[in-house]
Structure formats: structure tokens, C-alpha cells
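Just below is one structure, and these are the notes that go with it.
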Protein chains: 2
Amino acid sequence: MRQAMALAQRALYVPAPNPRVGCVIARDGKLIAQGATQHVGGAHAEIMALRDLESHGLSAEGATVYISLEPCSHYGRTPPCVDALIKAAPSRVVFAHFDPNPSVAGRGLQALKAAGIDVTVGVCADEALEINPGFVSRMTRGVPYVWLKVAASIDGRTALPNGVSQWITGPQARADGHHWRARSCIVLTGIGTVRTDNPRLDVRHVTTPRQPRRGVIDPGLDIRADAAVLAGGDAVIFTANNDPEKIDRLSAQGARVVLVPDESNPSSAALPAARKRVDLMAMMRWLAANDINEVHVEAGEGMNGALIAAGCVDELVLYMAPMLLGDGKGLARIPAIARLEDAARFEFTDVTRLGSDIRIRARDMARWADLQSKLHLG
Amino acid sequence: MRQAMALAQRALYVPAPNPRVGCVIARDGKLIAQGATQHVGGAHAEIMALRDLESHGLSAEGATVYISLEPCSHYGRTPPCVDALIKAAPSRVVFAHFDPNPSVAGRGLQALKAAGIDVTVGVCADEALEINPGFVSRMTRGVPYVWLKVAASIDGRTALPNGVSQWITGPQARADGHHWRARSCIVLTGIGTVRTDNPRLDVRHVTTPRQPRRGVIDPGLDIRADAAVLAGGDAVIFTANNDPEKIDRLSAQGARVVLVPDESNPSSAALPAARKRVDLMAMMRWLAANDINEVHVEAGEGMNGALIAAGCVDELVLYMAPMLLGDGKGLARIPAIARLEDAARFEFTDVTRLGSDIRIRARDMARWADLQSKLHLG
């Protein structure tokens, strides 16, 4: 199963919006074939492993198949893997956790059992969730898995008072940041960052077979036509401004404009469209509905704080540089609290050195426990 | 030599103001005796190792002696170790680096050589400096080695806007903080922290054979007679206020009042005594002159910032708790800069998990290189 996980992990940039899955076929404790899910529309891990088996002139009969996810039982973009498995007739199938896709959700297990195949579920389930948090989130919560990528000094400053932030961290940390972009389905920022840094938001410092989408939260549709993020023509602009002229202009540039005004309170509803805020949770639901599993946010303290306050954030990916900046911009502008008990609680899941910087991953504990519970884990 | 280092490391809380030293005697690559420096006035590591040797009825003849520091050649509180070594007549002595004490500084080496003993210098010298940065600093720079201990949230907040900071970190991080207090010669804070938290500043959560001194930077002599730090009667108050009444009152409580007014600029000189600032560098020189090797600072953002700006700080010991606090107090109030190139540069030397928190050590690179150069290292 560890090898199946490793195969899934290696496919991190590849199959979105499908989950990353690895499959290993073993006989007498020896690996005889393996595969990982291909690009969307391509073969799933099980099919790849069965093909690998065939190419070696071997049969699955009497073998054990290890998969990092329940095999699919439905016709999606490809025929159900469970049918191919039953045809191959291994004696046993082991998978990490049930497919949270409501079209599968246990049906793969039932079909295998009905075919007389021995099935074990729940091996390395937590590790498997680590590999596909976005897919599980989209399928079970209807929103993507969201992380904030932040580069900060030891004293938690992400930019100088004059806005300068390039570069706080070194080349290894920046390349690692692109790894996180590459695994995501969309790289999202706010209009403030577009104005200050004019980022392209594409993946450059690591090799990837696909580029994630790029998105800008721009309540007033203030983005300039020459903004770097609009180059390439597939950007998504989330706005509260329904100004048809502005929308037409952006659409003509190939951008997708999505209207998600915040109508949550009367005072907001009364505002002119150009001054409304974006309903961040509605934006997340739109993203999930549009096959976005994982959202990589690279924004300023204002947008970071708004996303946290709106309950949209699962994880912080913090790159800390060994410097003190004193005054400047913070990580996230969130409302002040009066008691430490009221602080937003995370859990450090990983600390890694990257050149002279360190990367600290911190996960929202309650949200992660919720995802685990959806898979009947922990 | 590794074992000699380990012995010195184990004596971390013990011999101040003497350096922590370990000594191992080996024959044919086998350890036959060992020792570490005792409390001030007690035996040094070499003497302890020779006694250990004797207690086993063994002789040093033909053996190799490994010491984490050059053996002393002068009459301090104890007779010179180098004489005892020469008398024991090992065939070889290996030590990590020269004793930076100007009364020794190579004389130990010369005496051993003159006695026909083979000597090797410079083995694990950097590691040895890590064990005695304060002793080396005091001897070579005339100031102590100073670290700031800070407990902060992921977003670099050390207290809520209302001043609440107990407890941001968990019990393991707090116990580790007491380890750092225990190894220091003085635990120093500012009058602001005394007012807000009224800390005792003593070592409680780890077992130590000696308590460090306690110090308060209190420019105006505003400390209340019932401040917890004054209990025990050995606190040092650094002040700019020469008010004889206040000084007498504190002295009567057993506190030592040290006048170090900042006279560096005319506007400061013109201030009334009660409003002057403390000359932090003069305070550091006073501390070194009074046998303080290592200073543990546990203060608020104002004092931390002032110490950094005054060029007094060698290291940050940051405990990061997995929470976001939003608005609140920062790590260190230092002047804003306009270019990232002007930021104070550190180096991460260690990241350790402590329960749900992490400890991040960051060292001022230039100051460390300076200490190394004093030992003719790197």
C-alpha cells in the first residue's frame, strides 16, 4: 500500500479534477505491476496497473490489488474500474478509503464482494486523505480544500510598509511555492496583490504537465486590461460588480467573470454594485461546482483575513525567512479577540528547511477532523 | 571529543561564570575516565577526569586527553589545570579551541608542548562555541551573549491588544523556556512586562542546581515594591533615574540598582532623570564586567526592539503556537525600512517540535561570525 501511496503522490500535478490514485498488484508479497491515474479522460490507476500486468504477460488471478482509493463503479469519463478488476479476478483487493464521490461511495466494494473477491478497506486511510484533500472536500463538503501560501519574516511581516515583498524568501522556498501552485486547480489572489505585484500566478519553477487556472477576487472589477494574470486568457474574476461594460471587456480578453456579490446583510445589499463585497463562500461553492479540488491562495493580509473570517481556509503554508522587518504588512487581517481561547486553532503538520528559509504547514484542526469524519476516519 | 562535548552540554546549568567544559581520557580508542566542570570554585573538567582515572587505579601515561576547551594555565579560583595534566603525563592532549580568557589564550598549549606532550587544537571548535557562546563573548567582546525568548502565534503576535499573553504556548514550550532561563546567568525583562505580567523570572519547570539572577530595565524606577521579581532580594534594576529615595527603597529590599542613563545625544542629556532612557549597551558592558556570560531576555515588543536596535541581540528563541491572533503585540518594535536589503539578517539554526508548538532558533549571522573569528574559526 505504501507503494500505491507513493505512486499517487508522484501524480500530484496530473489528474485534476480526478483524485490522485496509485495501484499496485502483488503476488506472494512481491510487486508484479503498478499504475497511477493519468490526465483527466485518461486511464485510472487500476487500468494502468492491469495494462502493466498484461504487458509482462502476467495474470491477476490469485494476486492482491492495493489501491489508494475505492475503485470507481460508475461510467464517468471512462468505464468503471471495478468491472475491469472483476474481469481480472484477483483474489483480494485492498483500498485506503471509500470513494467520497456519491456515485461510487461503497458501490465499488459491493461489486467486488458480489464477484467473490476478498476486500479490505481502511489501510493508510489518513495518508490517502493527505493526498486528495481537495477531491474529498469537493465531494463531501461542496467546497474545495483551500490553503494560504504566505512568505513572511520571523516577526510575521509579509511586506514592508511600502508594499515591497520581493523577495522575502529565497529561490528554494519560491520554487516550493510553485510546487504548491502546480498541485492546485486554481491559483487565487486579490485585486490588491494584482495592483501591487502584478503576478502571473502561473507555474514556472517546477515542471508540470498542466497549468492550474488563475483567479482574482476583484469586487469592483478594477483590474486593468494589461494585468499579467489576464495573459493566457483563462483567468476567472470573482466580482460583486455587474457593470456590463466592464464584464464585456474582460470577457473579450478571454476572462471568465463570475458574479458572487455578498448579499448577506441589508447594508451590503444597499451598496452600489461597484462597492459590494464578494461572497467568498459562494465563490468557493462555485469553484467546487466547476471541478476545482484545491485552491492555492497567494494574496495580501486583507484577502487572507477575509478568507479566514469567512471560514474558507483549511491550511496555511508559511515560508519563514530569517529576517526581522519590524513594521509592515501582516499575514492575515482578522478581527481582534479579547481571550486566547477564541483564537483560530491550527496544528503544525510539517516543518521543512528550504535553503535558508523554513516552510511551516499548519492545518485547521476542526476542518481536518470534519474531512476525516466524512471518510469515517479517526 | 564528542563525549567531551556531551559532558560539557550536560553541565549547561552548572559552572557559570566559568565555561562548561567536558574532558575525556582515552587509551587505545577506549574511554577510561571522564569529567565535567563543577560549580564555580569547584574542580574543572580536567581535574574531575583525572580524579575519575585515579579512582579506577589507572594512569594517564600514554593516554589521550580530549577537552572541549584549552586547559587553563592561570591561578583563578582553582590552580591551573595544565599543571595537573603535565603531572599526569598523557602522551597527547586534544582540545576544541583556545581559551578566549586573555589570562590563558594559548598559554595552556605552550605549557603542554614545553612538557613534551603532543597537542592538537581545533577539533569540533564550532560545536564547542555553541556550548559557551556567552563565555567567549564576555572574554572577547566585553558583552554577554544575548538571546530574546519570544512566544508568538503563527502571525507573529506575542500578546492580544489587551496585553493577554498567558498562555500562547503549551506546557512543553514553557518548560523549554525555563531550560533557557536555567542556562543563562541573568533573566532580564522590561518594566512594561513587570507591569503587565508581574513575572517572577526564576527557573521552575526544570531542575537546576543554581538560579540565574533576575534583572529589570526600568528607566524611571517605576517598579512597585511588591513586584514578584523583587522577591528573593537579588534583582538588578537598570535605570536612568538617580532619585536617591527610590534607589534607597529598592536597595533596602535587597535589589541592586545600576545607573546606566543614555547620555548619547544632547536631547537625552537634557531630559529630567526620571524620563531618560537606559543605555542598553552600557548595561551589557556592566553585565559582562559582573561575570554575566549569557542573558535571557523575556520582554515585550518595545524592549525587544530597543535591544535589537542597540545591537545587543545575538539570537532569537521563538516559540510558535499553532494559532492566529490577528491584531495584537508584535515580536519586536524596530524602525521601519524601505528596502528588504536593509532587514536584520538571521540564520535558522534549529527547529524543534515541543508538544503542539515549535521552537525556532535564529542567530544574527554577522555577530556569530564575529565570535567565530575571535576564536580564529571559519
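The values are calculated or read from the model by the stated rules, or taken from the named source; none is laboratory data. Note that the structure is predicted; figures quoted are calculated from it, not measured. Every residue, glycine as well, gets a Cβ built from its backbone with ideal geometry; the counts of neighbours run over all protein chains shown. Ligands, DNA and RNA are stripped out before the accessible areas are found, and what is left, the full protein with its side chains, is counted by its heavy atoms. Shrake-Rupley method; radii C 1.70, N 1.55, O 1.52, S 1.80 Å.
In the stretch A:215-231, the residues that are touching a residue at least 12 places away in the same chain (Cβ under 8 Å) and on the phi > 0 side of the Ramachandran plot form Cβ pairs under 6 Å with partners that are assigned to a strand (DSSP E or B) and among the polar types (S, T, N, Q), at six or more places apart or across chains, as follows: A:Leu221/A:Thr239. A count restricted to the stretch A:195-228 and to residues that are more than 27 Å from A:Leu12 (Cβ to Cβ) and open to solvent by less than 40 Å² (accessible area, probe 1.4 Å) stands at 6.
Taken over the stretch B:236-250, the criterion of being among the acidic types (Asp, Glu) and part of a helix (DSSP H, G or I) is satisfied by B:Glu245, B:Asp248.
Selection of the stretch A:182-196 for residues being farther than 24 Å from A:Met323 by Cβ and assigned to a helix (DSSP H, G or I) yields A:Ala182, A:Arg183, A:Ile191, A:Val194, A:Arg195.
To keep it simple, each residue is scored yes or no on (1) more than 14 Å from every other protein chain (Cβ to nearest Cβ); (2) at pLDDT 95 or above.
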residue	(1), (2)
B:Phe135	yes, yes
B:Gly142	yes, yes
B:Ala159	no, no
B:Gly163	no, no
B:Ala173	no, yes
B:Arg181	yes, yes
B:Thr189	yes, yes
B:Val194	yes, yes
B:Asn198	yes, yes
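Checked against the criteria, A:Arg256 counts as basic (Lys, Arg) and within 29 Å of the chain's Cα centre (by Cα). Please indicate, with yes or no, whether at least one residue in the stretch B:97-107 is under 16 Å from B:His376 (Cα atoms) and either of a type in the set (Asp, Glu) or modelled with pLDDT of 95 or more (or both). Within the stretch B:97-107, one or more residues are under 16 Å from B:His376 (Cα atoms) and either of a type in the set (Asp, Glu) or modelled with pLDDT of 95 or more (or both). The set of residues from the stretch B:136-170 being within 21 Å of A:Asp364 (Cα to Cα) and surrounded by fewer than 19 Cβ atoms within 10 Å (Cβ to Cβ) comprises B:Trp167, B:Gly170. The helices (runs of 4 or more DSSP H) located wholly in the stretch A:280-378 that include 3 or more residues which are open to solvent by 40 Å² or more (accessible area, probe 1.4 Å) and more than 13 Å from every other protein chain (Cβ to nearest Cβ) occupy A:280-289, A:365-374.
Apart from one condition, B:Ser153 fits all of (1) within 30 Å of B:Met320 (Cβ to Cβ); (2) under 25 Å from the mean Cα position of the chain (by Cα); the exception is (2). Residues of the stretch B:133-151 that are touching a strand residue (DSSP E or B) at 6+ places or on another chain (Cβ under 9 Å) and over 14 Å from B:Asn290 (Cα atoms): B:Pro133, B:Val136, B:Val146, B:Trp147, B:Leu148, B:Lys149, B:Val150, B:Ala151. Per the listing A:Arg256, A:Arg249, the residue uniquely without any contact (Cβ under 8 Å) to a residue 24 or more places away in the chain, open to solvent by 10 Å² or more (accessible area, probe 1.4 Å) and more than 13 Å from every other protein chain (Cβ to nearest Cβ) is A:Arg256. For B:Met303, the test of being farther than 24 Å from B:Ala175 by Cβ, assigned by TED's automatic domain parsing to the domain that holds B:Ala173 and touching a residue at least 40 places away in the same chain (Cβ under 8 Å) is failed.
Suppose we keep only residues that are of a type in the set (S, T, N, Q) and surrounded by fewer than 22 Cβ atoms within 10 Å (Cβ to Cβ) within the stretch A:27-63. Which one would you say is nearest to A:Ala16 (Cα to Cα)? Residue satisfying both the conditions and the ranking: A:Gln38. Of all residues in the stretch A:116-128, those being open to solvent by 50 Å² or more (accessible area, probe 1.4 Å) and over 14 Å from A:Asp99 (Cα atoms) number 3. Would you confirm whether or not the stretch A:3-26 contains a residue that is closer than 25 Å to A:Ala289 by Cβ, open to solvent by 20 Å² or more (accessible area, probe 1.4 Å) and touching a helix residue (DSSP H, G or I) at 6+ places or on another chain (Cβ under 6 Å)? Within the stretch A:3-26, one or more residues are closer than 25 Å to A:Ala289 by Cβ, open to solvent by 20 Å² or more (accessible area, probe 1.4 Å) and touching a helix residue (DSSP H, G or I) at 6+ places or on another chain (Cβ under 6 Å).
Apart from one condition, A:Ile86 fits all of (1) assigned to a helix (DSSP H, G or I); (2) within 27 Å of A:Tyr145 (Cβ to Cβ); the exception is (2).
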